[in-house]
Amino acid sequence: MSHSTMLNAAYLVAALSFIMALKGLANPKRARSGNFIAMAGMALAIGVTFFQPFDEHAGTGHLHNLIPMVIAMVLGAAIGIPTSRLVKMTAMPQLVAIFNGVGGGAAALVSIAEFIKLSDPSQPKPATYVVLEVLLGVLIGTVSFSGSAIAFIKLQELITGRPITYPGQQIVNAILGFASIALIVAILVHPTTALMWVLLAVSFVVGILVVLPIGGADVPVLISLLNSFTGLAVAASGFTLNNNLLIVAGTLVGASGLLLTQMMCKSIGRSLPNILFSAFGSAQTLTAGATEQRTVKQSTPEDIGVLLSYVQRVAIIPGYGLAVAQAQHTIRELADELEAKGIEVFYAIHPVAGRMPGHMNVLLAEANVPYEQLIEMDDANPRMSQVDVALVVGANDTVNPAARTQGSPISGMPIINADEAGQVIFFKRSMRPGFAGIDNELLFNEKTTLLFGDAKETLTKLVSAVANA
Amino acid sequence: MLLATSSTNVDILQYLTVFALSVFIGIEVIATVPSILHTPLMSGSNAIHGVILVGSMLVLGRSSGGLEVVLGTAAVFLATLNVVGGFTVTDRMLDFFKAKPAAKPVETEVAK
């Protein structure tokens, strides 16, 4: 076998491992081994790349710049591994966003470097489709980079999670969209580096402006979409670099990412165009004045502790607030105390509880909550009417009955029917609305009692109240 | 394998074939993913597109100086972050799924 055949064979093995890995990741039993298969394939692909020839066509020489290459890799690993090891589980969505963004950035940089190479006047003029591939890499990669950066900033709450809107926003976005298409056409006709830099700048702004109007609750769907974009940018680089591995891996991620995005949209009952263009929850100040006069029932952990000790069935409905308060361990203690008294406890998990699908399962599993107590929404809802007390901890939008009525921004979103339980205990930090930024009628329901305060503190008090009751 | 002298039209068609097949494979392999695995799957595929590291290495290794070296080095750095971060985060997420007795796959869609 020739040198280049061996390299290509290794890339083929890596590409197959990525397919196997994705298949594994879609199955609860094999997910972990799927991730290891992908790691092995990646290690192989990176390892053999060091043996690529300098001159691709003649197949001679060795890669240059190995010193900066290795330094950049060591630096990347030295920053990436500790960051991803040490960050709290609650901040996972931000991390996924940032690692997706840097991937998009790398794809964009690769395409920019290729463009500079192609537009070298000493070289023959490249075919139009080659330039197009490069430009698509620049555009998609950059949008993914700047979009992910804004998603990160939103999730980290460095800026408001609410949609950021201004008059004429759609028009501005449409103009920028057309501008990037026009730029691509212009560069195809007349490939100059100056125009490419303009395209880079426009793409960067497009990424920012498209993400700004998207509300915090929808950001996970957006990250999934941007993840798919990065995959496509990588595939575009594969075309440019004549590399089948990049095409296969990038396309796999691009296609499966689009499908995954579609699935995530379904689980919150909304369509993708609706999420991208509707500035969800922005015009919700209308009802704010009315709420101030409305009264809610309040109670103390001691009283609720007594109440809980004399019921038969309790459903716990956890949400992101639980994770923020780091109260997943305390809620388990409460469940243990209740079970010791012979009370049946289960957790009703909304598909998007937490900030990403499956996020809450991960957080509760971390607190050693038995797997069989985690009941998915569709199985939990038929049981809600037999539940004596529903404890809503840090959730809000996922139990908001407004989803059942027409005309609400969350209309059609599937919810957990907490209001069917005998009583509802709401753990709230304040009367502030949830991520979607809309009022929750359930708070004013006569069945509902509120426990104000930090979820963890309140729960700790509640645990001892139940123990003493 | 592919010689530079071969017709580039054949090349682009070959690559388009690979692309088209990959689209279908990508959709097919994850079609039945349960919702609890959406996040780990997203994170795992996030790590896989870190394969742009291979492209970044090729660009850096084949550039002969100036701006291209700067761009290539930056690309290798960012792509490495993508790879190591992506896999580590996915591994941490999946850590919580291991060795759970009765870890039955939760198929909510089918129930309807």
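Please go through (1) more than 10 Å from chain B (Cβ to nearest Cβ); (2) touching a residue at least 60 places away in the same chain (Cβ under 8 Å); (3) within 25 Å of A:LEU462 (Cα to Cα); (4) not in a loop (DSSP other than H, G, I, E, B) for A:ALA395 and return the number of the only condition it doesn't satisfy.
The number of the failed condition is (4).
Pull up the stretch A:8-29, narrow it to residues that are surrounded by fewer than 20 Cβ atoms within 10 Å (Cβ to Cβ) and farther than 13 Å from B:PRO34 by Cα, then point me to the one that is farthest from the other protein chains (Cβ to nearest Cβ).
This residue is A:VAL13.
Name, by its number, the condition in (1) modelled with pLDDT of 80 or more; (2) closer than 16 Å to A:ALA455 by Cβ; (3) not in a helix (DSSP H, G or I) that does not hold for A:GLY434.
(1)
Test B:VAL33 against the stated conditions and say whether it is crowded, with 24+ Cβ neighbours inside 10 Å, without any contact (Cβ under 8 Å) to a residue 12 or more places away in the chain, over 23 Å from A:THR142 (Cβ atoms) and of a type in the set (A, V, I, L, M).
yes
Take the residues in the stretch A:444-455 that are under 16 Å from A:GLY321 (Cα atoms) and surrounded by 20 or more Cβ atoms within 10 Å (Cβ to Cβ), then tell me which one is modelled with the lowest pLDDT. Steps first, answer last, please.
Of the residues in the stretch A:444-455, the ones under 16 Å from A:GLY321 (Cα atoms) are A:450-455.
Still in the running and surrounded by 20 or more Cβ atoms within 10 Å (Cβ to Cβ): A:451, A:455.
Details: A:LEU451: 87, A:ALA455: 83.
So, considering only residues that are under 16 Å from A:GLY321 (Cα atoms) and surrounded by 20 or more Cβ atoms within 10 Å (Cβ to Cβ), the one modelled with the lowest pLDDT is A:ALA455.
Looking at the stretch A:79-93 only, could you name the residues that are buried (at least 21 other Cβ atoms within 10 Å of the Cβ), modelled with pLDDT of 90 or more and more than 7 Å from chain B (Cβ to nearest Cβ)?
none
From the list A:GLY59, A:GLY47, A:GLY76, A:GLY41, exactly one residue is at pLDDT 95 or above and surrounded by fewer than 21 Cβ atoms within 10 Å (Cβ to Cβ). Which is it?
When all the criteria are applied, what remains is A:GLY47.
Within the stretch A:128-179, can you find the residues that are aromatic (Phe, Trp, Tyr) and outside any helix (DSSP H, G or I)?
Narrowing the stretch A:128-179 to residues aromatic (Phe, Trp, Tyr): A:129, A:145, A:152, A:166, A:178.
Across the stretch A:128-179, the qualifying residue is only A:TYR166.
Identify, from the list A:GLY254, A:GLY238, A:GLY269, the residue that is within 14 Å of chain B (Cβ to nearest Cβ), at pLDDT 95 or above and under 23 Å from the mean Cα position of the chain (by Cα).
Sole residue among the options that is within 14 Å of chain B (Cβ to nearest Cβ), at pLDDT 95 or above and under 23 Å from the mean Cα position of the chain (by Cα): A:GLY254.
Which one is surrounded by the fewest Cβ atoms within 10 Å (Cβ to Cβ) among residues in the stretch B:76-98 that are of a type in the set (Val, Ile, Thr) and under 11 Å from B:PRO40 (Cβ atoms)?
That would be B:VAL89.
Residue-wise test of (1) within 14 Å of chain B (Cβ to nearest Cβ); (2) over 25 Å from the mean Cα position of the chain (by Cα); (3) under 23 Å from A:THR460 (Cα atoms).
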residue	(1), (2), (3)
A:ALA365	yes, no, yes
A:ASN368	yes, no, yes
A:GLU372	yes, yes, no
A:ASP379	yes, no, no
A:PRO382	yes, yes, no
A:VAL389	no, yes, yes
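Can you tell me how many residues within the stretch A:94-121 are in contact (Cβ under 8 Å) with a residue 24 or more places away in the chain and more than 8 Å from chain B (Cβ to nearest Cβ)?
The qualifying residues number 9.
(1) under 22 Å from A:GLN312 (Cβ atoms); (2) crowded, with 16+ Cβ neighbours inside 10 Å; (3) touching a helix residue (DSSP H, G or I) at 6+ places or on another chain (Cβ under 6 Å): which one isn't true of A:SER385, the others all being true?
For A:SER385, the exception is condition (2).
Which of the residues that make up the stretch B:25-49 are of a type in the set (A, V, I, L, M, F, W, C) and either farther than 27 Å from A:ALA43 by Cβ or not in a helix (DSSP H, G or I) (or both)?
B:ALA31, B:VAL33, B:ILE36
Name the single residue that is modelled with the highest pLDDT among those in the stretch B:1-58 being over 28 Å from A:LEU260 (Cβ atoms) and among the β-branched types (Val, Ile, Thr).
If we take residues in the stretch B:1-58 being over 28 Å from A:LEU260 (Cβ atoms) and among the β-branched types (Val, Ile, Thr), then B:ILE12 is modelled with the highest pLDDT.
What are the pairs with Cβ atoms under 8 angstrom where one residue, in the stretch A:137-157, is at positive phi and not assigned by TED's automatic domain parsing to the domain that holds A:GLY354 and the other, located anywhere, is surrounded by fewer than 24 Cβ atoms within 10 Å (Cβ to Cβ) and assigned to a loop (DSSP other than H, G, I, E, B)? Sequence gap at least six, or different chains.
Pairs that qualify, where the first residue is at positive phi and not assigned by TED's automatic domain parsing to the domain that holds A:GLY354 and the partner is surrounded by fewer than 24 Cβ atoms within 10 Å (Cβ to Cβ) and assigned to a loop (DSSP other than H, G, I, E, B): there are none.
Could you pull out the residue among A:ILE140, A:ILE181, A:ILE164, A:ILE175 that is in contact with a helix residue (DSSP H, G or I) (Cβ under 7 Å, 6 or more places away or on another chain) and either surrounded by fewer than 23 Cβ atoms within 10 Å (Cβ to Cβ) or not basic (Lys, Arg) (or both)?
A:ILE140
Go through the stretch A:333-362 and report how many residues are part of a helix (DSSP H, G or I) and surrounded by fewer than 21 Cβ atoms within 10 Å (Cβ to Cβ).
4
The values are calculated or read from the model by the stated rules, or taken from the named source; none is laboratory data. Because the structure is a prediction, the values reported are computed rather than measured. We place every Cβ from the backbone using ideal geometry, glycine too, and count neighbours over all the protein chains shown.
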